[in-house]
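Every read-out reported here was derived from the displayed coordinates using simple, explicitly stated rules and does not represent laboratory data. Every value quoted in this text rests on a predicted model; they were computed, and no experiment measured them. For neighbour counting, all protein chains shown are included, and Cβ atoms are generated from backbone atoms with ideal geometry for every residue, glycine included.
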């Protein structure tokens with residue numbers, strides 16, 4: 001693949017380690033090679049090889065194209081070249097709560113320089129932050145520095161109004177870098193502290209963990225008042241609980257993990273919602289009509305105002321949209337969030353005295369619920385992409401187990417002495433899977449899993465899922 005290495009082989013010249021490393025580096029930068037380093041962080045095996053490989057094979061900031069961003073107001077494309085003399089531009093890619101120095105914001109400088117005492121601008125919040133302390137991280141060592149340069153990775157101490165994916169830049173030359181995208185959680189569980197003392201600490205712990213991990217969410221269930229934690233899988237939530245106990249000394253009980261089901265509609269419908277209350281004096285009046293129809297999978301909620309003739313005054317349209325957004329948080333089948341729906345606001349009416357924003361918001365919620373009921377609603381479940389690596393002699397047992405879990409086998413391929421089975425499996429069927437494959441393969445199989453998409457739940461399972469939710 002690499003011309004220089006091939007030329008050395010053809011001309012029977014020595015193929016030195018340096019020549020091989022240079023060839024691997026060139027092909028890695030060209031996205032033709034993916035270096036793989038074996039090891040274990042837990043047992044500190046192979047870590048040095050990994051660090052050496054980063055130095056030997058990955059591109060320096062000067063060997064990659066400029067970072068791409070856009071002007072926050074006009075959305076015009078802007079490039080941020082790797083240049084110390086350029087306008088300062090960086091991306092906050094990780095937040096971390098350090099027990100000794102507090103909140104650390106890890107950031108990568110794409111252009112320009114940043115020094116202690118400088119002021120940076122966050123175009124998402126339109127706020128300025130003064131940099132009081134800069135730290136360079138070297139493994140478990142922290143070194144205070146005065147300045148960091150383009151291409152550097154460093155950490156800021158003490159900055160407040162920031163989240164993962166925010167751009168920090170020069171206020172006179174604002175730029176918005178493309179933030180990383182994070183999947184929505186697919187699994188959740190209720191969690192409660194064991195003691196009153198733990199209750200106070202748990203809130204702080206969960207807030208900090210949610211700040212650090214964009215794929216982890218915390219919210220309060222509106223019906224039960226329980227604290228719900230949501231993440232990317234069983235292991236993810238187990239790690240969160242372990243960190244709560246280990247780092248924050250919070251002991252908590254957790255309920256059984258719950259699947260993040262969704263609802264959508266399969267047909268178009270017309271929904272009507274009215275709120276009319278009169279009890280002496282000023283009353284409440286709102287009337288909204290909507291057309292709902294299914295959107296393409298992954299489109300989310302799309303709302304369009306098609307009111308003509310002022311049948312709903314313009315000042316009430318934001319309240320109507322707010323009601324629509326609230327309505328999709330709870331579907332009509334099992335109260336699960338509704339996704340992938342197009343909504344047109346088409347008609348309504350108002351009262352000169354009794355109409356207000358709250359009345360129109362509630363009328364919009366009623367109209368959406370009416371439309372959902374008539375739109376042939378269905379239940380959706382999260383589907384996971386699963387890759388299973390197993391010795392060939394266990395292939396049949398592994399595939400048989402996947403089939404029992406309603407899996408759809410995408411491919412089976414040989415890779416050395418292993419068989420790689422790629423499948424799509426409903427998350428609901430993956431509980432206890434790690435234990436199952438260890439048992440089937442005498443501990444010799446492994447798997448990886450990541451969210452893929454949502455699919456309709458088979459009709460024969462819908463009733464059981466909804467009944468189970470009602471009993472909770």
note = One finds the C-alpha centres of the range 266-298 and the range 162-190 to be spaced, in Å, by 34 Å
note = Cα gyration tensor of the range 382-461 diagonalised, 5x eigenvalues square-rooted, in angstrom largest first, produces semi-axes 22, 13, 11
note = Binned at 5 Å starting from 0, the alpha-carbon pair-distance distribution of the range 264-375 in whole percents comes out as 3, 14, 25, 25, 16, 11, 5, 2, 1, 0
query = What is the Cα centroid distance between the range 34-58 and the range 340-378, reported in whole angstrom?
reply = 56 Å
key: Kirkwood Rh in Å, taken over the range 3-59 so that all alpha-carbon pairs contribute   = 12.6 Å
query = Could you give P(r) for the range 108-208, binned at 5 Å from zero, as whole percent values over all Cα-Cα pairs?
reply = 2, 10, 16, 18, 15, 12, 11, 9, 5, 1, 0
ask   = Quick one: 9, 105, fewest Cβ neighbours within 10 Å first, how do they rank?
value = 9, 105
ask   = Per residue, what volume in Å³ does the convex hull of the Cα atoms of the chain enclose?
value = 234 Å³
message = Suppose a student asked you for the relative contact order of the chain, using Cα pairs under 8 Å spaced at least 6 residues apart; what percent would you report?
response = 10 percent
remark   = When 410, 172, 166 are ranked with the fewest other C-beta atoms within 10 Å first, the list becomes 172, 410, 166
request  = Please give the calculated 222 nm ellipticity per residue for the chain, where each DSSP H segment of at least 4 residues contributes -39500 (n - 2.57) and the sum is spread over every residue; nearest 500 deg cm²/dmol?
outcome  = -8500 deg cm²/dmol
ask   = How much length, in nm to one decimal, is gained on full extension between residue 36 and residue 130, taken as 0.36 nm per residue of separation minus their Cα-Cα distance?
value = 29.8 nm
request  = Arrange the following residues from fewest to most other Cβ atoms within 10 Å of their Cβ: 264, 181, 113, 119.
outcome  = 181, 119, 113, 264
ask   = For the range 119-277, what does the alpha-carbon gyration tensor say about shape, rounded, prolate or oblate, given a ≥ b ≥ c as the root eigenvalues, a/c under 1.5 as rounded, and a/b over b/c as prolate?
value = oblate
request  = Quote the relative contact order of the range 264-375 in percent (integer), defining contacts as alpha-carbon pairs under 8 Å separated by 6+ residues.
outcome  = 46 percent
request  = Quote the relative contact order of the range 187-258 in percent (integer), defining contacts as alpha-carbon pairs under 8 Å separated by 6+ residues.
outcome  = 50 percent
